[in-house]
1. Based only on other Cβ atoms within 10 Å, what is the fewest-to-most ordering of 315, 222, 359?
2. Would you mind ranking 93, 216 so that the residue whose beta carbon has the fewest other beta carbons within 10 Å leads the list?
3. Give the Rg (one decimal place) followed by the Dmax (whole number) of segment 199-267, computed from C-alpha coordinates and expressed in Å.
4. How do 51, 142, 101 rank when sorted from fewest to most other Cβ atoms within 10 Å of their own Cβ?
Ligand SMILES: [Zn+2]
C-alpha cells in the first residue's frame, strides 16, 4: 500500500517538472540559499499570505508546508496568488546560462534513447565539455550524466506503470540491458525496476518470521536484498501486512533460506546492532535515501531528533519531510527509524505503533547501561 502510493507521488512530481530542477527538495534548497541562479526557473507561493516570490527573494522564509512551487509566474497567478512587491517574481527571467541548460534538458528529454555523452551534450550547448559540465552542475545541482540517468529511469518507471514489459521499457529508455541499468543507476535514484510494477508483480519474495519482545516480526527480501519489515501480534497479521504491499508478488516463507536475516534480527533483539552491510531492495526518492542513510548512522541505543536530521542534511526547514521519510521507511529496524524522536524527546508516530517504538528504545537503552 505504502509502496504504491510512494511511487505514484514520486512519478507525479517528476512528470510535473520537465524544466530541469528535479524535485521540490532541490527547489526548497534553492529558496533556503536565496540562489539567484535559480530565478526564472520557478517561483514559490505561500498559502498563508497568498503571495508568490522568486527563489532569491530576501523576505523571511515561510515553513515548507506552507509552500507550493510553480514553474511559471502565470501558473501561480492563475491559482490566485499575487506577485511579491519586494522581489517582483513576474519580472524574473532565467539567466542566459540557465536558458542554455534548460534547452539542453529539453534535448535530453527528446533523445533519451540516443547516445548522450558529455561530448555530444556540450556540443549541443556550444560549450567546452569542461565548461558545460560545470555550468550544468551549478544550475541543476547534479551532473549531466546523473541527470540523463535519472531521466531514463523516470521513463522506465512511466512505461512500467503503463503496463509495458521490463525489457521493452528499458530498451525504449535507452538502457541497452538490464545489467546496465543496475550498474549505472546511482542507488539513490531507486533500484529494482520490478518493484515498480503493481503490488510487486513478477517479484519473488522470501520471508521469515521471528518472535520477539515487540511481537512477531516479519522480514522479507528479494534476491537483491531486504524489501519489507512488518510487525504484528500474530503470524497472520504480519503476513497480511506484507500482502498489502506485495499482493501480486510471489511470496514464500523460507526460514531456512533466510537464515542470515533471522540471525541478524534475533541478535538485534539480543542487544547487537543490526548489521549495516546487508543489502536492501527498497526504492526511494533521493531525499528519502539521504534521510535513511543518516538514520543508519545513529548508534545503537542513541536517539536524534527530526530537526537534528534535517539540519545535518543541510535542509533545517525540512523537519516535516524528515518525519515523512521516517514514516515511510519500509524496513523498520534495518533502517532504525525508531531512533528518531521529537524535539522534546517525545516518541512521535511509528508505522508499527508508538508502543513498539518505546519498547525498542528501552531495550536498546537497557543493553547500553549493562
Ligand atoms: Zn518576494
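1. Listing 315, 222, 359 from fewest to most nearby Cβ atoms yields 359, 315, 222.
2. Going from sparsest to densest Cβ surroundings: 93, 216.
3. When restricted to the Cα atoms of segment 199-267, Rg and Dmax are 11.1, 34 Å.
4. The fewest-first ordering by Cβ neighbours comes to 142, 51, 101.
Here, each number is a calculation from the coordinates, and none is a lab measurement. In this text, all values refer to a predicted model and were calculated from it rather than measured experimentally. Here the Cβ is made from the backbone with ideal geometry for all residues, glycine too, and neighbour counts use every protein chain on show.
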